[in-house]
1. Just one of the numbered conditions (1) of a type in the set (Val, Ile, Thr); (2) buried (at least 17 other Cβ atoms within 10 Å of the Cβ); (3) without any contact (Cβ under 8 Å) to a residue 40 or more places away in the chain is not true of residue B:197; which one?
2. From B:240, B:192, B:213, grab the single residue that is in contact with a Gly (Cβ under 8 Å, 6 or more places away or on another chain), open to solvent by 30 Å² or more (accessible area, probe 1.4 Å) and not charged (D, E, K, R).
3. Does any residue of segment B:209-230 turn out to be closer than 22 Å to residue B:182 by Cα and of a type in the set (Ser, Thr, Tyr)?
4. What do you reckon, is residue B:144 part of a helix (DSSP H, G or I) and open to solvent by less than 40 Å² (accessible area, probe 1.4 Å)?
5. Among (1) among the basic types (Lys, Arg); (2) touching a helix residue (DSSP H, G or I) at 6+ places or on another chain (Cβ under 7 Å); (3) without any contact (Cβ under 8 Å) to a residue 40 or more places away in the chain, where does residue B:263 come up short?
6. So residue B:53 passes all but one of these: (1) at pLDDT 90 or above; (2) closer than 21 Å to residue A:66 by Cα; (3) out of contact with any strand residue (DSSP E or B) (no Cβ under 7 Å at 6 or more places or on another chain). Which condition number does it fail?
7. Got a sec? Which helices (runs of 4 or more DSSP H) wholly within segment A:24-126 have at least 3 residues that are within 14 Å of chain B (Cβ to nearest Cβ) and open to solvent by less than 50 Å² (accessible area, probe 1.4 Å)?
8. Can you name the condition, by its number, that residue B:133 falls short on among (1) open to solvent by less than 90 Å² (accessible area, probe 1.4 Å); (2) in contact with a Ser or Thr (Cβ under 9 Å, 6 or more places away or on another chain); (3) more than 30 Å from residue B:308 (Cα to Cα)?
Amino acid sequence: MRHTVCVTYYMTNGTQGGPEILENLKLELRRGCLIVAVLAQLRTEQYGYTLRKALADDGLAIDEGTLYPLLRRLETQGLLVSQWREEDKRNKRFYHLSPAGDLILKQLLEEWESINTSLNKILQEA
Amino acid sequence: MSKSTSRNPMDLLDRYLQAVRFWLPKPQQQDIIAELSEDLHSQVEEQEAELGRPLNETEMEVILKQRGRPLLVANRYLPQRSLIGPVLFPIYCFVLKIVAFFYLVPWVLVWIGMMLFSSSYRAEHTAAGWFGAIASAWGALWFVTFFALGTVTIVFVVLEQVQAKSRFLEDWNPRKLPPARNPNQIPRAGSVIEVVVNLMFGLWWIDTMSSLVVLNRPEIRIVLSPVWRYFFWAFLLLAVINAVLAGVNLARPYWTALRASIRLATDGAASGLFCWMMKASVLAQISGAHISTARALEITNAINLGAAKVFPVVLAVGIVIALADVYRVFRARKTVPAPLKREVSAAAV
């Protein structure tokens, strides 16, 4: 019965689930994951460009317009520390995880595991 | 070689960085631009290494276009700001709708009514022709709209500032929420009152209004025209139908499409009858011991004329009632009646 109600609701109110909706949902899903990925990558020191490349190589491409403001925010929150240093004759800003960031990353990974377990359980039940 | 590839491509990059810098807050300009510049140079270097030659202006243009419009790039570094935040925005929209419905729509209706039924107002405003009158009203409506919506917006901007500081909207109590209601529910008290009023009206109507001579005293005598018989029977019939309908509503206190349609029909008929009555010169004669025939005729005509002048108001009220009734019919058709809803929920469980 509940299934019928859901189908009826979808047929009367739903759309065909266009690519725009999927893109928006994927963006929402990725948003939180990206923060974890950035924090995890910065367990080893990197500057913006190499961080972006590393994330892209691991399958989590992030555009610079999102990455740099995110880095600044995480730094303001005390999760990252940065330092300007010269490398290859150019000044680059190197980021790495702060002790507070390290702790938060551990907690976020635990949360991630918990969500993953719950989701798997729900998917197995369905 | 095209004109676009003849310039120094790094010039484009500098111009881009300058444009982004313009929109950034001063204390962070230097830092953000240095980092953005470094990132762009890294990307350019990598692409040049792949191609084995310096980038031309077109290739640089592609890179910069991928980065996005300078204002948008800068905007991502700025804190999220809004005149009216997400907490107040739904309330703001709700108030705007109320203002539009209860202030702007009546404004337009009053203007239309005045133009149609007030000859002096019409003469005053159509001096420059109908087109001029409509243009003038359109201008006035825009002014009124901007004033009303602007005032509401300013009030909400101030509220947003207060809310941001005091967080007064976060202090709430579930006990103070309005009771849950079914819009199709009919209060039983209302039905009881309707039954009583309609029955009392019917008895009074039969007792007092069945004859064409509605008042017959030595000092005054009021006689209605023969057309009154139609009104008498029609209003009596409507009172009976309404009493029966209220009785059914008392037993089954929720609107169904059928009963809502009957209410629409009776209200429509009553409105139509009232409109007709205003125009029908129902009053035939007034006479009295102390009133001269000429004076009595004058009073009779004045009352009939006065009733005819009230016609637009009666019509407007009738339309409003009919619209509300039509809305009720649609609502009853769309919504599952409360008892049926309970059955559906029980079946779902």
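1. (2)
2. Working: B:192 fails: in contact with a Gly (Cβ under 8 Å, 6 or more places away or on another chain); B:213 fails: in contact with a Gly (Cβ under 8 Å, 6 or more places away or on another chain).
Going through B:240, B:192, B:213 in turn, just one is in contact with a Gly (Cβ under 8 Å, 6 or more places away or on another chain), open to solvent by 30 Å² or more (accessible area, probe 1.4 Å) and not charged (D, E, K, R): B:240.
3. Of segment B:209-230, the ones closer than 22 Å to residue B:182 by Cα are none.
No: zero hits.
4. On the way: part of a helix (DSSP H, G or I): yes; open to solvent by less than 40 Å² (accessible area, probe 1.4 Å): yes.
Yes, satisfied.
5. (3)
6. Going through (1) at pLDDT 90 or above; (2) closer than 21 Å to residue A:66 by Cα; (3) out of contact with any strand residue (DSSP E or B) (no Cβ under 7 Å at 6 or more places or on another chain) one by one, residue B:53 breaks only (2).
7. Values: elements: A:48-57, A:64-76, A:99-125.
The helices (runs of 4 or more DSSP H) meeting that bar are A:48-57, A:64-76.
8. With respect to (1) open to solvent by less than 90 Å² (accessible area, probe 1.4 Å); (2) in contact with a Ser or Thr (Cβ under 9 Å, 6 or more places away or on another chain); (3) more than 30 Å from residue B:308 (Cα to Cα), residue B:133 is out only on (3).
The values are calculated or read from the model by the stated rules, or taken from the named source; none is laboratory data. Quantities reported herein were computed from a predicted structural model and do not represent experimental measurements. Positions of Cβ are backbone-derived with ideal geometry, glycine not excepted, and every protein chain shown enters the neighbour counts. Calculation scope for accessible area: heavy atoms of the full protein, side chains included, ligands and nucleic acids excluded. Shrake-Rupley method; radii C 1.70, N 1.55, O 1.52, S 1.80 Å.
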